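A.B. asks: Handing you a structure now.
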Amino acid sequence: VMSVWRQKAIECAPELKADFQAIDLTPYTVFMELLPIVRQAHLDKDYDRLTKIYSFAEWCHKQKDEKLWNAVGVSFYEHLVDTDETFQQFTNWIKKEIYFDIRDLLNHRADETQMKRLDEYYGFKKKE
């Protein structure tokens, strides 16, 4: 029986089905593979695919299994600030509660201007 996270990954990128069925596949690899796909989907305005990928990311984020929520954090969310295509669209796809959860990760990669913009959008107040 295929794990739920694998099935969901394959729904996001059916063209990677063979790769995503590999025995040694980890959720970290899945998200590394989905990053260029999500970038391209933004360029193509492929909202169907974007919805699938961001929903999968959110689903993983909410799981109790550390390898799922940690993988989506470090192999996906954290990298959305790396390219303009994904950063410009970040606030359209990432819910406030997820932003608050992953803010520290983002803070390691994003520059000050990016963090200021996200903090303002999500209403994040630094503790004095």
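A.B. asks: Picking from Thr83, Ile94, Tyr28, whose Cα lies most toward the positive end of the charge dipole for the stretch 14-124 (charges on Cβ: Lys, Arg +1; Asp, Glu -1)?
C.D. replies: Ile94
A.B. asks: If the cut-off is a Cα-Cα distance under 26 Å, which lysines reach Lys8, setting aside same-chain residues fewer than 8 apart in sequence?
C.D. replies: Correct list for Lys8: Lys17, Lys45, Lys52, Lys62, Lys64, Lys67, Lys95, Lys96.
A.B. asks: If N is the number of residues in the chain, what value comes out of its Cα radius of gyration divided by 2.2 N^0.38 Å?
C.D. replies: Details: Rg = 14.7 Å, N = 128, 2.2 N^0.38 = 13.9 Å.
Relative to the rule-of-thumb radius for its length, the chain sits at 1.05.
A.B. asks: Please list Thr91, Thr86, Thr51 from largest to smallest accessible area, probe radius 1.4 Å, with all protein chains kept in place. All intermediate terms of the calculation are to be shown ahead of the outcome.
C.D. replies: Working: Thr91 30, Thr86 0, Thr51 65 Å².
Listed by decreasing accessible area, they come as Thr51, Thr91, Thr86.
A.B. asks: While we're looking at this one, here's another question. Would you rank Leu43, Leu105, Leu34, Leu25 by solvent-accessible area, highest first, keeping every protein chain in place and using a 1.4 Å probe?
C.D. replies: Values: Leu43 105, Leu105 50, Leu34 0, Leu25 20 Å².
Output order, biggest surface exposure first: Leu43, Leu105, Leu25, Leu34.
A.B. asks: Using a simple spin-label model with points 7 Å from Cα along the Cα→Cβ vector, what separation in nm is obtained for Met2 and Lys127?
C.D. replies: Going by the 7 Å Cα→Cβ label model, 4.4 nm.
A.B. asks: Next up: Give, rounded to the nearest 20 debye, the magnitude of the charge dipole that the chain has about its Cα centre when Lys and Arg contribute +1 at Cβ and Asp and Glu contribute -1 at Cβ.
C.D. replies: Values: 19 positive and 23 negative charges, 84 e Å.
Using Cβ point charges on Lys, Arg, Asp and Glu, the chain gives about 400 debye.
A.B. asks: Could you report the accessible area of Met2 in Å², rounded to 10, computed with a 1.4 Å probe on the protein chains as they sit in the structure?
C.D. replies: My reading of the accessible area for Met2 is about 70 Å².
A.B. asks: Right, another one. If you find the alpha carbon centre of the stretch 30-70 and of the stretch 95-128, how far apart are they in angstrom?
C.D. replies: Rounded to whole Å, the Cα centres lie 19 Å apart.
A.B. asks: Continuing with the same structure: Taking Cα pairs under 8 Å and at least six residues apart, what relative contact order does the chain come out at, in percent? Before the final figure, lay out each step's value.
C.D. replies: On the way: 99 pairs, mean separation 27.1, N = 128.
Answer for the chain is 21 percent.
The values are calculated or read from the model by the stated rules, or taken from the named source; none is laboratory data. Everything numeric here is computed off the predicted structure, so don't read it as measured data. Cβ atoms come from the backbone with ideal geometry, glycine included; neighbour counts cover every protein chain shown. Quick note on the areas: whole protein, heavy atoms, side chains included, nothing else; ligands and nucleic acids left out. Shrake-Rupley method; radii C 1.70, N 1.55, O 1.52, S 1.80 Å.
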